[in-house]
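Have a look at the structure below, then the notes.
The numbers here are math on the coordinates, done by the rules we state, and not lab data. From a predicted model like this one, the values you see are computed outputs, not experimental measurements. Counting neighbours? That spans all protein chains shown, and the Cβs are built from the backbone with ideal geometry, glycine included.
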Amino acid sequence: MIKRIKALLLPQGDETRAVGALRDKDELQVAAAALMVESALMDDRFEAAERTKIIELLKTRFDLDDAAAESLIETACERVDHSTQLFGFTRVVNDRFSAEERIELMEMLWQVVYADGRLDDYEASLMRRLAGLFHVSDRDCGEARKKALAQLGLEA
């Protein structure tokens, strides 16, 4: 926090660039978490199983501890509440994730929508939109779905 304040007051230097890199990382984490929260909310129910799955995925993907993952999910929930569109979140992901990382994120999102054991029509629609926004092919999206189902112990 102090570094961020210093960055605002000091001229551009190594410390400021480091803080900027941290902010970019934070924004990427928030964007990914927000998309997971959005996918969980598509069926109008944010169930405990979905929240648990999101926290597990965030901890694994971003190497976070429990407190940091909880904080990230709370921030993501706030951002989703104040957002009217997905574009801001998907833009951050597209700018900072490679094609392979976007496919991995699709797999994570599939795990979230299937965390409650079922796929709602609205969730399926969201996943199709996100695949398009992430420039993930139908084939890669289908493979990500299969991997997610296998990871959850569900049948395709």
task = Evaluate the distance, in nm, between pseudo-label points positioned 7 Å from the Cα of His135 and of Gln85 along their respective Cα→Cβ axes.
result = 1.9 nm
ask   = Restricting attention to segment 29-110, which trypsin sites (Lys or Arg not before Pro) occupy a DSSP loop and are surrounded by at most 15 other Cβ atoms within 10 Å?
value = Arg45
Ratio Rg/Rh, restricted to segment 15-152 and using Cα atoms, in which Rh is the Kirkwood radius = 0.95
ask   = Want the number for Glu100 to Tyr122: 0.36 nm per residue separation, take away the alpha-carbon distance, what's left?
value = 5.4 nm
inquiry  = Just to check I understand the Karplus step: with θ = phi - 60° and J = 6.51 cos²θ - 1.76 cosθ + 1.60, what whole-Hz values come out for segment 62-67, glycine and proline as x?
reply    = 10, 6, 9, 8, 4, 5
note = FRET efficiency for Gln151 and Glu47 from the Cβ-Cβ distance with R0 = 22 Å, rounded to 0.05, comes out at 0.75
query = Which trypsin sites (Lys or Arg not before Pro) does segment 119-156 hold that lie in a coil by DSSP with at most 15 other beta carbons within 10 Å?
reply = none
